[in-house]
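The values are calculated or read from the model by the stated rules, or taken from the named source; none is laboratory data. Given the structure is predicted, the values throughout are model-derived calculations rather than measurements. A quick note on method: Cβ atoms are made from the backbone with ideal geometry, for glycine too, and the neighbour counts reach across all protein chains shown. Protein only, heavy atoms only, side chains kept; ligands, DNA and RNA dropped before computing areas. Shrake-Rupley method; radii C 1.70, N 1.55, O 1.52, S 1.80 Å.
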Amino acid sequence: MTYAIVHRPSVSLDALSLDAFAAAGGVHPQLVTRLVALGLLEPVAGLRGEPAFPGSQLARLARIRRLRAALPLNYAAVGVVLDLLARIDELEGELRRRSWT
């Protein structure tokens, strides 16, 4: 099974409402709410105080979906994998910076 990295929403990617973000990511809004509760997605305050999601969170949602589909992990374990991948990126960046000096 394959997933698009992101679906192109018909609205601006500055800050999407919960429903627009879920539609753009190809998931149900309840799943987005669950991922927020687990700390896997980070909403910002919308214009009226409701949760809104930066466009950058679509890539994170796509990564969560790919990890969940490819590996037999629950969402809590996906959070650990995401943290480890972020740490690897950080260390690789530091290594690259050190090799240039």
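Here the chain is assigned +1 on the Cβ of each Lys and Arg and -1 on the Cβ of each Asp and Glu. Its dipole about the Cα centre then comes out at about 260 debye.
If you take the square roots of the eigenvalues of the alpha-carbon gyration tensor of the chain and sort them as a ≥ b ≥ c, do you get rounded (a/c under 1.5), prolate (a/b over b/c) or oblate? Prolate, because a/c is 1.5 or more and a/b exceeds b/c.
Return one whole number: the accessible area per residue of the chain in Å², for a 1.4 Å probe.
69
Using C-alpha pairs under 8 Å with a sequence gap of at least 6, the mean separation divided by the residue count of the chain gives a relative contact order of 26 percent. When each of the peptides 54-66, 29-41, 72-84, 88-100 is scored by the mean number of other C-beta atoms lying within 10 Å of its residues, the order from highest to lowest reads 54-66, 29-41, 72-84, 88-100. At 222 nm, what value in deg cm²/dmol follows for the chain if DSSP H runs of at least 4 each add -39500 (n - 2.57) and the sum is divided by all its residues, to the nearest 500? Helix contribution divided over all residues of the chain: -18500 deg cm²/dmol. Modelled this way, with points 7 Å down the Cα-to-C-beta line, the labels at ARG48 and ALA76 are 3.6 nm from one another. The protection proxy used here, the mean number of other Cβ atoms lying within 10 Å of each residue, ranks peptides 45-52, 21-28 as follows, highest first: 21-28, 45-52. For the chain, the share of accessible area belonging to carbon and sulfur comes to 58 percent (1.4 Å probe, ligands and nucleic acids excluded).
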